[in-house]
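These notes concern the structure reproduced below.
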Amino acid sequence: MFGFLKKKKSKPVVYARPDHCISRKNIDPDALKVLYRLSGLGYTAYLVGGGVRDLLMGRRPKDFDVGTSARPNEVKRAFRNCFLIGRRFRLAHVRFGDKVIETATFRRNSQSVGEIIEHASEGPFEDNTFGTPETDAYRRDFTVNGLFYDIKDFSVIDWVGGMKDIEKKIIRSIGDPDIRFQEDPVRMMRAVKFSSRLGFKIERKTWAAMKRHHAAILLAAAPRVCEEIYRLFPYGRSKEAFRLMWECGMLADLMPEVSASIDRTGGAKSPMWKYLSVLDTYETMMSGKGFEVSNALRSAVLATCLVRAAGGEMQGRAAVSALMPVVKPPKTVYFTASLLIDSLKRLSQPPVKGKSRFVHNRDFPDALDYARIVFRAEGKSETPLDAWSDLYEKGRDE
């Protein structure tokens, strides 16, 4: 067991219903079905993790996850619509149409700190030992994600001080951050994500550990890191996220040419932040319409500082290759982002009759949006883009 768990409190702080703002009417009805069914069968069942955090902040959670004392096979017996996934630690997915309520048995860390750090380069540590609500809370990453909501008495159970950190708007590691970030370096990227997305400040010791261990991110599995990079964009807070990545050193590890370009072009005043700021506005607008921005467009915007540093002469493929040399994006993202970058010159001029077939390309809408983001960040006239947009809309109407 981790050494830092020896200092934990023997009892949690329990916030009764009058002491918090969570209401069952704001919880997904299918998540409530899972909670009530497991509770009715005599198991402990809590709403856990980020869903509790978001409800306490008055936000609509993206996911509603359940933690329970029921073992995976017991959850499967309780729900005919349940499927078990995973090998080292089985998770129960209770399906309601296209929706999944992830239901996990309470866990505890089953290895020593030395064993976990020794094998960190092999990928994320996956403990496979069942535990209690207390041990499950202490194995989570940050205090704001370690809160439980009890469906029996509608209380919030806090083993780790998460409620106070939500009030203070702080991201704090559960336990020694030096150990936790070596155990799983991707947690540093999650700290950046939560800080930027929630508008919270990273606690001093947690931030200091990130600056000490930022290079450990290179030991994490590349697909996980790539996935976390693109998770920094939703909610229109990528400027803040990549600013934190740059300040702690992780951006130099993962995107060395981008980080060097920021350093050369003014650091905190680099044009890079303007490109991301305009992208954030676009992300927010698209989210309001129910759409998600493509990772290809996000990659193209990130690579723009490299293209501009080369005087606009760098080809799209070269720019995207230089963007993430360590964690390579998926091929579909790579090729589409390259096309968007290469289309910028063409779209900078009004369409010429008989030479405007590009409007029929399936990626044209993204190319046009990418060009608008660049033009707005650089303060250029969008007149040529408006002409291309009119031509595109005319073709759709025909």
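The values are calculated or read from the model by the stated rules, or taken from the named source; none is laboratory data. Since the model is a prediction, treat every value here as computed from it, not as a measurement. Positions of Cβ are generated from backbone atoms using ideal geometry, with glycine treated the same way; all protein chains shown enter the neighbour counts.
To keep it simple, each residue is scored yes or no on (1) among the aromatic types (Phe, Trp, Tyr); (2) buried (at least 17 other Cβ atoms within 10 Å of the Cβ).
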| residue | (1), (2) |
| --- | --- |
| SER261 | no, yes |
| THR265 | no, no |
| TRP273 | yes, yes |
| ALA303 | no, yes |
| LEU323 | no, yes |
| PRO330 | no, no |
| ARG346 | no, no |
| ASP369 | no, yes |
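The helices (runs of 4 or more DSSP H) found entirely in the stretch 1-110 that carry 2 or more residues being over 27 Å from ARG180 (Cβ atoms) are 29-40, 72-78.
Do we have any residue at all in the stretch 27-49 that's within 20 Å of LEU147 (Cβ to Cβ) and either at pLDDT below 95 or not assigned by TED's automatic domain parsing to the domain that holds ASP150 (or both)? Scanning the stretch 27-49 turns up at least one residue that is within 20 Å of LEU147 (Cβ to Cβ) and either at pLDDT below 95 or not assigned by TED's automatic domain parsing to the domain that holds ASP150 (or both). Looking across the stretch 342-361, the residues that are part of a loop (DSSP other than H, G, I, E, B) and either small (Gly, Ala, Ser) or in contact (Cβ under 8 Å) with a residue 60 or more places away in the chain (or both) come down to SER348, GLY354, SER356. Hey, does the stretch 144-167 have a residue that's modelled with pLDDT of 95 or more, in contact with a His (Cβ under 6 Å, 6 or more places away or on another chain) and crowded, with 20+ Cβ neighbours inside 10 Å? Yes; the residues of the stretch 144-167 include at least one that is modelled with pLDDT of 95 or more, in contact with a His (Cβ under 6 Å, 6 or more places away or on another chain) and crowded, with 20+ Cβ neighbours inside 10 Å. When residues in the stretch 178-205 are screened for being more than 21 Å from ARG224 (Cα to Cα), outside any loop (DSSP other than H, G, I, E, B) and touching a helix residue (DSSP H, G or I) at 6+ places or on another chain (Cβ under 9 Å), 4 of them pass.
Identify the residue in the stretch 49-94 that is surrounded by fewer than 16 Cβ atoms within 10 Å (Cβ to Cβ) and touching a Lys or Arg at 6+ places or on another chain (Cβ under 6 Å) and, among all such residues, is farthest from THR105 (Cα to Cα). Filtering the stretch 49-94 for residues that are surrounded by fewer than 16 Cβ atoms within 10 Å (Cβ to Cβ) and touching a Lys or Arg at 6+ places or on another chain (Cβ under 6 Å), the one farthest from THR105 (Cα to Cα) comes out as ASN81.
Scanning for something over 23 Å from SER277 (Cβ atoms), surrounded by fewer than 24 Cβ atoms within 10 Å (Cβ to Cβ) and out of contact with any strand residue (DSSP E or B) (no Cβ under 7 Å at 6 or more places or on another chain), does the stretch 229-243 turn up at least one residue?
Taking the stretch 229-243 first, the residues over 23 Å from SER277 (Cβ atoms) are none.
No; the residues of the stretch 229-243 include none that is over 23 Å from SER277 (Cβ atoms), surrounded by fewer than 24 Cβ atoms within 10 Å (Cβ to Cβ) and out of contact with any strand residue (DSSP E or B) (no Cβ under 7 Å at 6 or more places or on another chain).
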